[in-house]
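Colleague: Below is one structure. I have some questions about it.
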Amino acid sequence: MTFINGILDGVAYRAARHIGGEITPTVVILHDTASSLKEGSAANYLRDNDAKVSVQFVIELSGHIEQQVPINRRANHAGASSYHGRKGCNNFTIGIELVNPGKMRAAGANGVTWFGKTIHDDHLRNLDLAETPEHGRGMWMHYPAEQLEALLWLLRKLFANVPTLMDIRPHWYVSPGRKVDTNPLFPLEQVRGHILGREDPADDEALAQSMDASPDDLVIIATNGDTLNMRRWPSFNPNIIAKIPDETVVPVLRRGTFDGRVWLQVFYAGQEGWVVANYADAVTFPAAH
Ligand SMILES: [Zn+2]
C-alpha cells in the first residue's frame, strides 16, 4: 500500500488544523510558499494558522516532504480559482507547496522579498530576472535540484496510485491575475511532460539541434577536481540529474550547439544526460606501432 487513508507511506505526516471534507482529486495544483526559506518555517505555518489555510504537501528546498492533509480530504490552498470552468479548486485538487521566496524586487544581482528579506544570489541560491505575461517582471529564485527531484518523486507516486488524477497546473493557471506561483523559472512543461506522459518539447528540440556522435567517441571529464553537472536537457535550467566526478571517461552519444555553446549528450551511471563540452576533453589512443 502506498497510500493508507489518503496518507503517503514513507513520508512525514503531521496533521493540519484545517482539514475539510472528502474530495475526489482530479488535478494537482503547484504553489510557492512565498515565505522564509528556513526549513520547517512555512510547513509550521501551513499546519497551524488562524488564516484557515492548509495544503496536502509541503516540499522544502532540501527535498524533505511533509504531508499535512490526506489526499482525499479538502485543504484550503487555492482560494478563488477555476479549472476549465469548474470553480472552487480546493474541492477537487491536491495542493503541493514548494518552499520559495516568490516574487522579489531586484537589488543588483540579489532579490528583496515581499516581507523585506534580502535573498543573495550566491553559491547556495540561484536568482534570475524573468518576465512573463502571467507573472510580470521580477527577480525569482531557481528551484534546487533536490526540491524538483522530490516533487517528481511525489508526483509519480500520486499519478501511479490515484486513477482520477488527470492534470498538473500551477496556482497562476487557476487564479490568473491574482496569483503568480509557481514562479517563471519553474520547469512546468518538462514536469507536466514527464508525469503526464506527453511529448516533451525540450527533448525534441535537443534531438533536432544535435547530431549522433561516432561509436568510439569518448571524453574524459576535466573539471580540475570538481564534479561536472549532467543535465536532463542542454540548458542551465534546474535540471541536474547527476554529478560526474573529474577524470571519469564517458561515451558521447550526441553533440550539439545550444545558445552558442557546445553540449555533449553522454551516458553515465545508467542514464543519458547533457554536459557542457568545455569541461570534457577528447580521449585519444596512442597510435598502434
Ligand atoms: Zn499558491
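Colleague: Note down the Stokes-Einstein diffusion coefficient of the range 56-113 in µm²/s, whole number, using a Kirkwood radius over alpha carbon pairs, 25 °C, and 0.890 mPa s.
Modeller: 181
Colleague: Rank-order 263-269, 218-224 by packing density, defined as the average count of other C-beta atoms within 10 Å over each peptide's residues, highest first.
Modeller: Most protected by this proxy first, the peptides run 263-269, 218-224.
Colleague: Using the alpha-carbon centroid of each, what span in Å lies between the range 73-128 and the range 17-66?
Modeller: Using only Cα atoms, the two centres lie 11 Å from each other.
Colleague: Out of L30, L98, L253, any idea which swings most in a Gaussian network model of the chain, alpha carbons joined below 10 Å?
Modeller: L253
Colleague: Give the carbon-plus-sulfur fraction of the accessible surface of the chain in %, rounded to a whole number; probe 1.4 Å, heavy atoms of protein chains only.
Modeller: Summing carbon and sulfur atoms, their accessible area is 51 percent of the total for the chain.
Colleague: Please get the size of the charge dipole for the chain, origin at its Cα centre, with Cβ charges of +1 on Lys and Arg and -1 on Asp and Glu, quoted in debye to the nearest 20.
Modeller: It comes to approximately 1420 debye.
Colleague: Right, next: Please find, in a Gaussian network model of the chain (springs between Cα atoms separated by less than 10 Å), the residue of P170, P70, P133 whose mean-square fluctuation is greatest.
Modeller: P133
Colleague: Continuing with this model, one more query. What does the net charge come to around H18 if you take all other residues with beta carbon closer than 12 Å to its beta carbon, with K and R at +1 and D and E at -1?
Modeller: +3
Colleague: Across the range 49-150, what fraction of all alpha-carbon pairs, as a whole percent, falls in each successive 5 Å bin from zero upward?
Modeller: That works out to 2, 12, 16, 17, 19, 18, 11, 4, 1, in percent per bin.
Colleague: Still on this structure, I have one more. Averaged across orientations, what area in nm² does the convex hull of the alpha carbons in the range 150-271 project?
Modeller: Directional mean of the projected Cα hull area for the range 150-271 stands at 9.9 nm².
Colleague: Then there's this: Rank-order 58-66, 116-124 by packing density, defined as the average count of other C-beta atoms within 10 Å over each peptide's residues, highest first. All intermediate terms of the calculation are to be shown ahead of the outcome.
Modeller: Numbers: 58-66: 20.3, 116-124: 12.0.
Ranked by mean Cβ neighbours within 10 Å, highest first: 58-66, 116-124.
Colleague: Taking every eigenvalue of the Cα gyration tensor of the range 206-282, multiplying by 5 and rooting it, what semi-axes result, largest first, whole Å?
Modeller: 17, 14, 11
Colleague: Now for a different question. Please list the helices of the chain that count as membrane-span-like by this rule: a mean Kyte-Doolittle hydropathy of at least 0.0 together with Cα atoms stretching 15 Å or more along the helix axis, each helix being a complete DSSP H run.
Modeller: Passing helices, by number: 145-161.
Colleague: Let me ask something additional. Counting only heavy atoms of protein chains, what accessible area per residue, in Å², does the range 3-196 have with a probe of 1.4 Å?
Modeller: Here the per-residue accessible area is 44 Å².
Colleague: Would you grab the residues whose amide H sits under 5 Å from the one on A222? Only those 5+ places off in sequence or on another chain, please, with H modelled 1.01 Å from N.
Modeller: E247, A280, D281
Colleague: Another question, then. Using just the helices of the chain, give the 222 nm mean residue ellipticity in deg cm²/dmol: DSSP H runs with n ≥ 4 each add -39,500 (n - 2.57), and the total is spread over all residues, rounded to 500.
Modeller: -4500 deg cm²/dmol
Colleague: Taking just the alpha carbons, could you work out the radius of gyration and Dmax for the chain, both in angstroms?
Modeller: 21.2, 81
Colleague: Can you pull the one-decimal nm distance between simple spin-label points at R125 and R14, each 7 Å off the Cα toward Cβ?
Modeller: With each label point 7 Å from Cα toward Cβ, the separation is 2.2 nm.
The values are calculated or read from the model by the stated rules, or taken from the named source; none is laboratory data. All values reported here derive from a predicted model rather than from experimental measurement. Please note: Cβ atoms are built from the backbone with ideal geometry, for glycine as well, and neighbour counts cover all protein chains shown. In case anyone asks, the SASA skips ligands and DNA or RNA and just uses the protein heavy atoms, side chains included. Shrake-Rupley method; radii C 1.70, N 1.55, O 1.52, S 1.80 Å.
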